[in-house]
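One structure is given here, and the rest of the page talks about it.
The values are calculated or read from the model by the stated rules, or taken from the named source; none is laboratory data. Please read all numbers here as calculations on a predicted model, not as lab measurements. For neighbour counting, all protein chains shown are included, and Cβ atoms are generated from backbone atoms with ideal geometry for every residue, glycine included.
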Amino acid sequence: MNYQHNFCPHCATALQLLSVEEDGGPKTRLRCPACAWAHWNNPTPVLAAVIEMADRDGQVLLARNAAWPGRMFALITGFMEAGETPEEGIAREVAEETSLVVDSLALIGVYEFKRMNQLIVAYHAVARGEIVLSPELAEYRLMRPQDIKCWRAGTGYAVADWLRGRGIEPQWVDLPAPAQSEPT
């Protein structure tokens, strides 16, 4: 998520786009002209899970965020919290958003999502239990892996890599117009 900073959090001076020599070259960033504080605007780590339902013939759980327009379904995702490992974070997100228990996790990969200034850490999660969605999610689908369609951004690449690892050639769809969040 891109946040616009207008004032220095240290001294409240209005920030300016200033170029300073850093790491062998000039870097233009929002900076404080009074105290030299810099807004780095680093990507935010986001965790994602391809959830394979152990007690439902290996079907994959996709969910629709209540805030999204249309009927797009995606992986369960969430922000990593301070003090937790990525594995702890994605297990927490799965439990919070679906009430499922994660039995095992395996890293799929790490993917850029430049549009939202995020770095996605994607896992294959084998989970079980009764699906009870949080208010953040409107509905879910259980899909056979071979029926899932991917798009060419963020979690879509993670799903495609997971499918290929299972010997399934991914099917691709066009990415919808930019929105606040990223479906699969």
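Things worth noting here:
- Inter-residue pairs, beta-carbon under 8 Å, first closer than 21 Å to Ala160 by Cβ and in the range 54-67, second of a type in the set (Ser, Thr, Tyr), 6+ apart: Leu61/Thr98; Leu61/Tyr140; Leu62/Tyr140; Leu62/Thr184; Ala63/Thr98; Ala63/Tyr140; Arg64/Tyr140; Asn65/Ser181
- Scanning the range 28-45 for residues that are assigned to a strand (DSSP E or B) and loosely packed, with under 14 Cβ neighbours inside 10 Å turns up at least one hit.
- Residues of the range 130-152 classified as without any contact (Cβ under 8 Å) to a residue 60 or more places away in the chain and either touching a Pro at 6+ places or on another chain (Cβ under 7 Å) or surrounded by fewer than 19 Cβ atoms within 10 Å (Cβ to Cβ) (or both), total: 8
- When Gln4 is tested against (1) in contact with a strand residue (DSSP E or B) (Cβ under 8 Å, 6 or more places away or on another chain); (2) under 30 Å from Arg92 (Cβ atoms), exactly one condition is not met: (1).
- Among the residues of the range 1-27, just one is hydroxyl-bearing (Ser, Thr, Tyr), more than 24 Å from Leu119 (Cα to Cα) and part of a loop (DSSP other than H, G, I, E, B), namely Thr13.
- Any hit, the range 78-95, residues being assigned to a strand (DSSP E or B), more than 15 Å from Arg128 (Cα to Cα) and in the same structural domain as Tyr140 (by TED's automatic domain parsing): yes
- Options Ala12, Ala67, Ala82, Ala49: the member that is among the aliphatic types (A, V, I, L, M), modelled with pLDDT of 90 or more and more than 26 Å from the chain's Cα centre (by Cα): Ala12
- The range 153-176, subset in a loop (DSSP other than H, G, I, E, B) and β-branched (Val, Ile, Thr), residue surrounded by the most Cβ atoms within 10 Å (Cβ to Cβ): Ile168
- Test set (1) in a helix (DSSP H, G or I); (2) farther than 19 Å from Val173 by Cβ - Arg115 fails condition number: (2)
- Checked across the range 81-97, the condition of being closer than 18 Å to Thr155 by Cα and touching a helix residue (DSSP H, G or I) at 6+ places or on another chain (Cβ under 9 Å) holds for no residue.
- Qualifying positions in the range 87-135 - at pLDDT below 95 and at positive phi: Asn117
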